[in-house]
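Following: one structure in structure tokens, then a few remarks.
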């Protein structure tokens, strides 16, 4: 009897540990235990020219503090813009209606997130409101393209300048 | 010519064995309704296969996690993204290393115990005695051991993964100096519930496979000392090969 008691205790401890581990895996290592879906939230919509690789579930932050998450991404068929729906935590219900939304990158290779910068309006964003001022994601390829174009221009103008100064220098040395 | 013959024989042999194992599984499943009523027996087997494997699982999980912490840090540091260490360790453990290494350790720790126990029962005519007393040895002896393994494996794999993640955290955060906050938050934002599910499904499948192979080999062992020994060996070898093969199939299926 005593032996089977100890056996039950051992088995019970093992089962408890096992299920605790499963619970920990499903809630603590994933973001599912911490979604804002269960918390009260309101939705705000913003249209971007280009969202880069922004994903559903990406954080929405204000002054570096996470205030919500991206709930849905779709394409506006008439304007050809990306429509991003954000779930904002109801605790943060005093975001000015003229705030602007920009897409930033976490770290060098990290994922994209949306940063909100407060405007100066006295009215606040409500459920289903639109954010009018948006700034697209910096797409690295475009950026490099621009940089190369600028670099090409500036280096050619540098060359002409240095020619001129070289010529001027030559003149001064002649003098 | 003889080589071709041998290859053909061994291929047919393994095919026959696969068929025999599958039929054995079906016979076991037919005993399921009656076997579930004897839950005391199943609890005893969960203790034998699960609780007794706990220490070795946790110890190995800790070391695997610590190695992941070291290796992952060395690798990620080259790309300047040490912060992703938590993600790398967690995904590696939850999807792959947890289920597979637990299955391999389980085959070595619990599978051999099951096979040699059943083999000795066969060798000492205990199984025949049960049949004489009109007790179905499949229901009384084999099914509880099989079910005990099937229940224990996913739990062991989950414990392995958790201990491993803490091992990686121990090395990555405490020794190598990765930021603790980014270790956990990057892990939370990148590990999906799908990844965890994949690990659970894998460990369940491995649990069925390894337990089935162990009880099959033990139950069908030749009733000699040598027969029990070779049944034990075959259990480990077959379990390991089957686990790694199924792991590939399951990974491909989940992609």
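What the table shows:
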item: Test: residue in the stretch B:153-161 that is assigned to a helix (DSSP H, G or I) and more than 10 Å from chain A (Cβ to nearest Cβ); result: no
item: Meets criteria (assigned to a helix (DSSP H, G or I), touching a residue at least 60 places away in the same chain (Cβ under 8 Å) and more than 20 Å from the chain's Cα centre (by Cα)) for residue B:169; result: yes
item: Within the stretch B:1-49, helices (runs of 4 or more DSSP H) holding 2 or more residues that are in contact (Cβ under 8 Å) with a residue 12 or more places away in the chain and within 30 Å of residue A:3 (Cα to Cα); result: B:32-37, B:39-49
item: Residue B:172 over 30 Å from residue B:48 (Cβ atoms) and more than 14 Å from chain A (Cβ to nearest Cβ); result: yes
item: Residue check for residue B:230: within 13 Å of another protein chain (Cβ to nearest Cβ) and assigned to a helix (DSSP H, G or I); result: no
item: For residue B:85: the one exception among (1) under 25 Å from residue A:24 (Cα atoms); (2) at pLDDT 90 or above; result: (2)
item: Conditions (1) closer than 25 Å to residue B:146 by Cβ; (2) in a helix (DSSP H, G or I); (3) more than 18 Å from the chain's Cα centre (by Cα); number of the one not met by residue B:245; result: (3)
item: Qualifying residues in the stretch B:201-216 (those that are without any contact (Cβ under 8 Å) to a residue 60 or more places away in the chain and within 13 Å of chain A (Cβ to nearest Cβ)) - the one nearest to the chain's Cα centre (by Cα); result: B:204
item: Tally, over the stretch A:25-57, of residues that are within 8 Å of chain B (Cβ to nearest Cβ) and modelled with pLDDT of 80 or more; result: 1
item: Wholly within the stretch B:59-151, helices (runs of 4 or more DSSP H) carrying at least 3 residues that are free of Cβ contacts under 8 Å to residues at least 12 places away in the same chain and either surrounded by fewer than 23 Cβ atoms within 10 Å (Cβ to Cβ) or on the phi < 0 side of the Ramachandran plot (or both); result: B:126-132
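The values are calculated or read from the model by the stated rules, or taken from the named source; none is laboratory data. These numbers were taken from a predicted model, which means no experiment stands behind them. Note: ideal-geometry Cβ built from the backbone for every residue, glycine included; neighbour counts use all protein chains shown.
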